[in-house]
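Structure first, then comments.
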Amino acid sequence: SNGTYTLSTGYVGTWAFESNETKINWDKGTQYNQVFTLREFSESKIDATFISAFTGQNARWIMIPN
């Protein structure tokens, strides 16, 4: 469900599903806001693409939840 996350760096943020759970909106309303398009979302892996706010280039993250 929608909620919060904590990075290994200690940063705590929020996230919410959008577009029939095909996208995740990270940190909506903050300077770190980013929308990821989900390729895979499971208990063991999040695979998502996005346009980097820093470079303007397409990017892909594969995240392994703890």
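The values are calculated or read from the model by the stated rules, or taken from the named source; none is laboratory data. Predicted model, so just to flag it, every value in this text is computed and none were measured. Here the Cβ is made from the backbone with ideal geometry for all residues, glycine too, and neighbour counts use every protein chain on show. The protein model used for the area step is the full one, side chains on, heavy atoms only, and it has no ligands, DNA or RNA in it. Shrake-Rupley method; radii C 1.70, N 1.55, O 1.52, S 1.80 Å.
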Any chance you could run the full-extension gain for residue 35 through residue 63? It's 0.36 nm times the residue separation minus the Cα-Cα distance, nm to one decimal. 8.6 nm
Approximate spin-label separation residue 16-residue 42, in nm, with each point projected 7 Å along Cα-to-Cβ: 2.9
Diffing segment 13-25: the Karplus 3J(HN,Hα) column from phi (6.51, -1.76, 1.60, θ = phi - 60°), in whole Hz with x for Gly and Pro, holds x, 10, 8, 8, 5, 9, 6, 6, 6, 9, 9, 10, 9
Projecting the Cα atoms of 15, 31, 41 onto the charge dipole of the chain, where Lys and Arg contribute +1 and Asp and Glu -1 at Cβ, the residue farthest towards the positive end is 31
Rg over Rh [alpha-carbon atoms, Kirkwood Rh] for the chain: 0.93
Give me the number: length gained by fully extending residue 51 to residue 23, i.e. 0.36 nm times residue separation minus the C-alpha to C-alpha distance, one decimal in nm. 8.8 nm
Mind checking the per residue accessible area of the chain for me, 1.4 Å probe, whole number of Å²? 75
Probe radius 1.4 Å, ligands and nucleic acids ignored: give me the carbon and sulfur share of the accessible area of segment 1-56 as a rounded percent. 51
